[in-house]
Amino acid sequence: MTISVLIADDQAMVRAGFAAVLGAQPGIDVVGQAADGREAVTLAHELRPDVVVMDVRMPQLNGIEATLALQTSPRSSDYVPKVLMLTTFDIDEYVYDALRAGASGFLLKDATPEELVAAVRVVAAGEALLAPSVTRRLIEDFARSGPPPKPTGNRLAALTERELEVLTLVGRGMSNSEIASALFIAEQTVKTHVSKILQKLGLRDRVHAVVLAYDTGLVTPSAG
């Protein structure tokens, strides 16, 4: 299945470079390019790409505002693309807000072409998280700079005790194989638990499970 991609960045050379890299890959089709966040939202609704590669810092609407608009617009009732957020710095103060706005993952702008291609494929597949070792460090910083945990209420009440254990470890950035080893269960069983967690909590992907784990206080920075 071909993955359709929209590239949004205010630098023409960056857009052209990403388009050249992604367009040369089998199974990836670059359907459009946007120079700012407002144009990205408009083109996304017109072209309906599977993935929007979105720069954090853009004029008109920044990447966070554009991502949120794609999630909440009346036109988003039947279409919400996956968003791969681009950030210039190793720890960008905007990335946590981007994930909260609905982004499915993030990538440093100095990533290699191979990493860009892999990230697009990962996000398109709904896996969302990149290397767990990177995720642990970044999620820790997102949590420190993000808002305080919200009251849990009944948000997690639908989960079983085992599912809560799995969600906690997902929130700490563990991969499925690491969770399987920690809980002494099969990796396929972990995948099943993760799928059920996403379904019960109405989450689109694993990244948003991580954000929810912090937002509800299930995982705290000191526990990460």
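Miscellaneous remarks
- Options E93, E65; residue that is at pLDDT below 90 and closer than 23 Å to R206 by Cα: E93
- Residue pairs meeting the criteria (Cβ under 7 Å; at least 6 apart or on separate chains; first over 16 Å from A118 (Cβ atoms) and assigned to a helix (DSSP H, G or I), in segment 75-87; second at pLDDT 80 or above and open to solvent by 10 Å² or more (accessible area, probe 1.4 Å)): R75/H45
- Picking from residues in segment 1-34 that are assigned to a loop (DSSP other than H, G, I, E, B) and within 19 Å of A98 (Cβ to Cβ), the one that is most open to solvent (accessible area, probe 1.4 Å) is Q11.
- For segment 154-190, the tally of residues that are closer than 17 Å to T220 by Cα and small (G, A, S) stands at 2.
- Count of segment 35-58 residues which are among the β-branched types (V, I, T) and in a helix (DSSP H, G or I): 2
The values are calculated or read from the model by the stated rules, or taken from the named source; none is laboratory data. From a predicted model like this one, the values you see are computed outputs, not experimental measurements. Note: ideal-geometry Cβ built from the backbone for every residue, glycine included; neighbour counts use all protein chains shown. Only protein heavy atoms, including side chains, enter the accessible area calculation; ligands, DNA and RNA are left aside. Shrake-Rupley method; radii C 1.70, N 1.55, O 1.52, S 1.80 Å.
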